[in-house]
Amino acid sequence: MTTQSYLPVPPGVGMEENFLSLDDILLSQEKLPTRTECVFPRLGFVEKTSDTRDIPEGTKMEMPLWLAKGLYDNKRRLVSVEQPKIYRQGWRTVFSADPNVVDLHKMGPYYYGLGSQLLHFDSPENPEIAQTVLQTYIGRFRRIMDSSQNAYNEDTSALVERLDVLERSLFRTGQAGLNDFQRWEKGQASQITASNLVQNYRKRKFPDLEA
């Protein structure tokens, strides 16, 4: 029996977030290009490239996802959010041609998660972004799963280091399935073993009998 000091909490699905998930916490720190739609008084110190007391309207700056979501409001128009480079038309064309050639980890380790979160911000490109994210996942799924099933026969390190966080989790799941299947083939999956509690009890009991 194995024990873990931390039981991983899975991230949210789609536009939802799980605030107990470490992956979602890290995702919320991803930077987005934004533009201020009003003056932010006495916050000039936040923008390192400016020496003014206030943040003037029209200032372009990067904000973490959690802050951009908090300030974004269609009615008050505090900030507007621009699309990160990897979700723009040029990169969408690359993904539609061959999604497997892109190093998603280098471009942003939370490609799928951030792409889903971008749908919170109104944009005429949202349908295209959602479709590209979905088709990218579909297009890369088979290669990832095939590689996870052949992990014992080939070096997969070059592939894994190019994967998004979600894809790495998928790869590990495929490997775990392969390990379970091989254990089942060898007849090891149905073996009954004594728990650590019983084994420790026996270790304490035998010295008492010998005494």
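The values are calculated or read from the model by the stated rules, or taken from the named source; none is laboratory data. Remember, predicted model here, so these are calculated numbers, not experimental data. When we count neighbours, we look across all protein chains shown, and the Cβ atoms used for this are built from the backbone with ideal geometry, even at glycine. Note: areas computed on protein heavy atoms with side chains; ligands, DNA, RNA excluded. Shrake-Rupley method; radii C 1.70, N 1.55, O 1.52, S 1.80 Å.
Does the range 133-169 hold any residues that are of a type outside the set (S, T, Y), closer than 24 Å to E17 by Cα and part of a helix (DSSP H, G or I), and which are they?
Scanning the range 133-169 gives V133, L134, Q135, I138, R140, F141, V165, L166, E167, R168.
Only one of I55, I25 is open to solvent by less than 30 Å² (accessible area, probe 1.4 Å) and free of Cβ contacts under 8 Å to residues at least 24 places away in the same chain; which?
Testing whether each residue is open to solvent by less than 30 Å² (accessible area, probe 1.4 Å) and free of Cβ contacts under 8 Å to residues at least 24 places away in the same chain leaves just I55.
Here is a yes/no grid of residues against (1) under 25 Å from S169 (Cβ atoms); (2) in contact (Cβ under 8 Å) with a residue 60 or more places away in the chain; (3) open to solvent by less than 70 Å² (accessible area, probe 1.4 Å):
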residue: V46; (1), (2), (3): no, no, no
residue: Y87; (1), (2), (3): yes, no, yes
residue: P99; (1), (2), (3): yes, no, yes
residue: Q117; (1), (2), (3): yes, yes, yes
residue: I138; (1), (2), (3): yes, no, no
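Of all residues in the range 170-189, which are open to solvent by less than 50 Å² (accessible area, probe 1.4 Å) and part of a helix (DSSP H, G or I)?
L170, F171, G174, A176, G177, L178 - these are the residues of the range 170-189 that are open to solvent by less than 50 Å² (accessible area, probe 1.4 Å) and part of a helix (DSSP H, G or I).
(1) at pLDDT below 95; (2) open to solvent by less than 40 Å² (accessible area, probe 1.4 Å): which one isn't true of N196, the others all being true?
(2)
Anything in the range 150-168 that is surrounded by 15 or more Cβ atoms within 10 Å (Cβ to Cβ) and either farther than 21 Å from Y112 by Cα or polar (S, T, N, Q) (or both)? List them, or say none.
A151, T156
Can you name every residue in the range 47-82 that is among the small types (G, A, S), over 22 Å from the mean Cα position of the chain (by Cα) and within 19 Å of S123 (Cα to Cα)?
Correct list: G58, S80.
I'd like the full set of residues that are open to solvent by less than 40 Å² (accessible area, probe 1.4 Å) and more than 18 Å from F40 (Cβ to Cβ), limited to the range 58-85.
If the condition is that a residue be open to solvent by less than 40 Å² (accessible area, probe 1.4 Å) and more than 18 Å from F40 (Cβ to Cβ), then L65, Q83, P84 are the ones that fit.
Would you say E128 is in a helix (DSSP H, G or I), at pLDDT 90 or above, touching a Lys or Arg at 6+ places or on another chain (Cβ under 8 Å) and more than 30 Å from L78 (Cα to Cα)?
Judged against the criteria, E128 is not a match.
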